[in-house]
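Worksheet for the structure shown next.
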Amino acid sequence: MSAIQVPTSDVKDLGLASLGKLKIEWAEAHMPVLRLVRERFTREQPLRGLRIAACLHVTTETANLVRTLQAGGAEVSLCASNPLSTQDDAAASLVADYGASVYAIKGEDDVTYYRHIEQALARHPQVTMDDGADLVTVLHTKRSELLPEVLGGTEETTTGVIRLRSMAEAGALRYPIVAVNEAMTKHFFDNRYGTGQSTIDGILRATNMLLAGRNFVVAGYGWCGRGVARRASGLGAHVIVTEVDPVRALEAVMDGYRVMPMAEAAAVGEIFVTTTGDIHAVSEKDIERLRDGAVLANSGHFNVEIDISALRRVAVSSRHMRPFVEEFVLADGRRVYLLGEGRLINLAAAEGHPAEVMDMSFANQSLSVEYLVKHGQGLNHTVCVVPIDIDREVARLKLDAMGLRIDTLTEEQARYLASWESGT
Ligand code: ADE
């Protein structure tokens with residue numbers, strides 16, 4: 001083990017554990033697929049003795065993932081994948097009730113955030129779990145002496161998968177990563193319905209604004225943007241989509257939304273949500289055009305989508321109006337409101353995706369770790385997909401848990417699909 005002295009955990013207040021435990025149990029009741037995985041892991045011990053370092057949003061749902069990995073025999077250290085997403089009560093309970101090593105405090109500064117990553121890594125992981133690829137990056141750049149012990153890792157989010165693919169293409173990735181985000185039972189549901197609902201939840205909890213009748217701008221029409229647009233529209237907002245991809249832009253139009261460049265949307269929007277995964281989707285020029293009272297929120301992984309430095313630079317004053325709402329007054333008196341410091345608004349001001357979708361995401365995570373234990377040695381140092389059998393099994397178990405049954409092909413239908421001879 002490392003010579004550096006590492007505390008067994010660093011959380012805000014262990015006194016919050018009893019509150020956290022109840023919330024973890026509440027989430028568990030809505031995660032039936034993960035529960036089935038946990039029951040099998042308890043019997044079969046597929047992760048016996050495995051050291052896992054996870055860098056994930058520290059929530060009640062993540063707590064149930066950690067419990068599942070522990071039930072399979074793993075020893076888990078956990079740090080946050082975002083400085084503002086930690087639920088301090090869940091973190092406390094994970095330490096006090098479930099014996100995990102947790103390094104995460106809501107609102108931690110960047111120095112503490114990276115120290116926590118290093119502390120989670122100090123346990124010499126054999127498997128890494130990431131949401132955004134910060135842990136993998138620190139491991140490869142600052143703690144590369146630990147790399148020979150690592151057999152593989154998983155990645156939860158689109159941004160992380162993009163980063164890891166660049167690493168692999170540059171020949172820098174030193175072990176295989178399973179891209180959990182690419183599983184259909186992950187991104188179809190978590191990115192679309194999870195982000196859709198929880199982003200609106202975050203905006204509403206932070207502002208308590210009425211969405212009906214408002215011009216609501218969604219930057220980026222990937223799975224997350226589609227989800228946010230649909231939910232905002234359902235609440236009566238007039239949705240405007242901005243895109244750089246012509247196919248996605250066309251899809252947004254045919255889904256019933258207005259599409260225009262951000263330069264135009266900036267002048268009419270009242271609420272903005274960025275879901276592009278790229279920097280400065282709302283740029284300094286866009287900020288100059290905003291209406292008085294415009295609200296800016298981000299639901300992409302990093303706090304780079306809104307040019308916050310430009311906002312701070314052009315503002316003549318700022319003040320905190322409510323938790324997660326900062327007002328900036330511009331030189332001509334216009335007011336702009338930034339939510340949650342431009343960090344993931346669904347986790348900063350609300351509680352992230354509901355347990356029902358994290359159920360599938362984290363069942364994929366657990367089964368992907370088991371897959372790495374069984375097959376990791378034979379995999380190339382690339383980003384690979386979740387095996388289709390795992391993906392389908394998660395969907396099947398979710399349908400079962402929802403009490404839903406589906407049809408199966410008759411022999412005749414299967415034969416027809418496999419043949420090419422018969423036409424009209
Ligand atoms: N990402 C988005 N929502 C989440 C949640 N509730 N728990 C963990 N990761 C998340």
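Checking the structure you have, find out if any residue of segment 379-387 is buried (at least 21 other Cβ atoms within 10 Å of the Cβ) and either within 13 Å of the ligand (Cβ to nearest atom) or within 26 Å of residue 29 (Cβ to Cβ) (or both). Yes, segment 379-387 contains at least one residue that is buried (at least 21 other Cβ atoms within 10 Å of the Cβ) and either within 13 Å of the ligand (Cβ to nearest atom) or within 26 Å of residue 29 (Cβ to Cβ) (or both).
Would you be able to say whether some residue in segment 155-177 is under 21 Å from residue 73 (Cα atoms), modelled with pLDDT of 95 or more, more than 16 Å from the ligand (Cβ to nearest atom) and over 17 Å from the mean Cα position of the chain (by Cα)? The answer is no, given that none of the residues of segment 155-177 is under 21 Å from residue 73 (Cα atoms), modelled with pLDDT of 95 or more, more than 16 Å from the ligand (Cβ to nearest atom) and over 17 Å from the mean Cα position of the chain (by Cα). Number of residues in segment 338-362 that are assigned to a helix (DSSP H, G or I) and within 13 Å of the ligand (Cβ to nearest atom) equals 12. Just one of the listed residues (112, 128, 86, 137) is surrounded by fewer than 24 Cβ atoms within 10 Å (Cβ to Cβ) and within 18 Å of the chain's Cα centre (by Cα), namely 137.
Among the strands (runs of 3 or more DSSP E) confined to segment 122-212, the ones with at least 2 residues that are among the hydrophobic types (A, V, I, L, M, F, W, C), under 18 Å from residue 380 (Cβ atoms) and in contact (Cβ under 8 Å) with a residue 24 or more places away in the chain are located at 177-179. The set of residues in segment 161-174 being crowded, with 18+ Cβ neighbours inside 10 Å and in contact with a helix residue (DSSP H, G or I) (Cβ under 7 Å, 6 or more places away or on another chain) consists of 161, 164, 173.
Can you spot a residue in segment 58-68 that is away from the ligand (no atom under 14 Å from the Cβ), in contact with a Leu (Cβ under 6 Å, 6 or more places away or on another chain) and on the phi < 0 side of the Ramachandran plot? No - not one qualifying residue is present in segment 58-68.
Only a single criterion out of (1) within 15 Å of the ligand (Cβ to nearest atom); (2) among the acidic types (Asp, Glu); (3) part of a loop (DSSP other than H, G, I, E, B) is not satisfied by residue 108, namely (1).
With respect to the stated conditions, residue 402 is at pLDDT 95 or above, out of contact with any Gly (no Cβ under 6 Å at 6 or more places or on another chain) and surrounded by fewer than 19 Cβ atoms within 10 Å (Cβ to Cβ).
The values are calculated or read from the model by the stated rules, or taken from the named source; none is laboratory data. This is a predicted model, so every value here is computed, not measured. For neighbour counting, all protein chains shown are included, and Cβ atoms are generated from backbone atoms with ideal geometry for every residue, glycine included.
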